[in-house]
Amino acid sequence: MRKDKKQVIGDEIGDEQIKLFLDFEPVDATSPSLHKLIKAYRGLRVDDFARFLTFFAEAGYDLDGKDEQGNDFVAVIKDQRSAAEYIELIEKARG
């Protein structure tokens, strides 16, 4: 890349696009709340995920939802390379 070119990674995403992650429903016994968090984690950048958490809470979803094995969001993603910032956001949201 030329030095005078600024690298742009993705376009700004609007609130309505972020809210679409609230529409995902699980196909197994995973709680709907956990499923939505995982989909948002996989599809959104950290800043957008922080905005998503506001909409998530406003919609009344549970930050402590669990999967079939009893794992919550933090347990599911903790071993992934980019998880730390997302986990920090969840911990802040939990209070």
Q | Residue-wise HN-Hα coupling along region 77-91, computed from phi with Karplus coefficients 6.51, -1.76, 1.60 (Hz; x: Gly, Pro) | A | 9, 4, 8, 8, 4, 9, 6, 3, 5, 5, 4, 4, 5, 5, 4
Q) What base-10 log of the normalised intensity I(q)/I(0) is obtained for the chain from the Debye formula, alpha carbons as equal point scatterers, at q = 0.19, 0.20 Å⁻¹? A) -0.88, -0.96
Q: Give, as a single signed number, the net charge of other residues whose beta carbon lies under 12 Å from the beta carbon of SER33, with Lys and Arg counted +1 and Asp and Glu -1.
A: -2
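Bear in mind that the values in this text are calculations on the coordinates, not laboratory data. For clarity, every value in this text was computed on a predicted model and none was experimentally measured. Please note: Cβ atoms are built from the backbone with ideal geometry, for glycine as well, and neighbour counts cover all protein chains shown.
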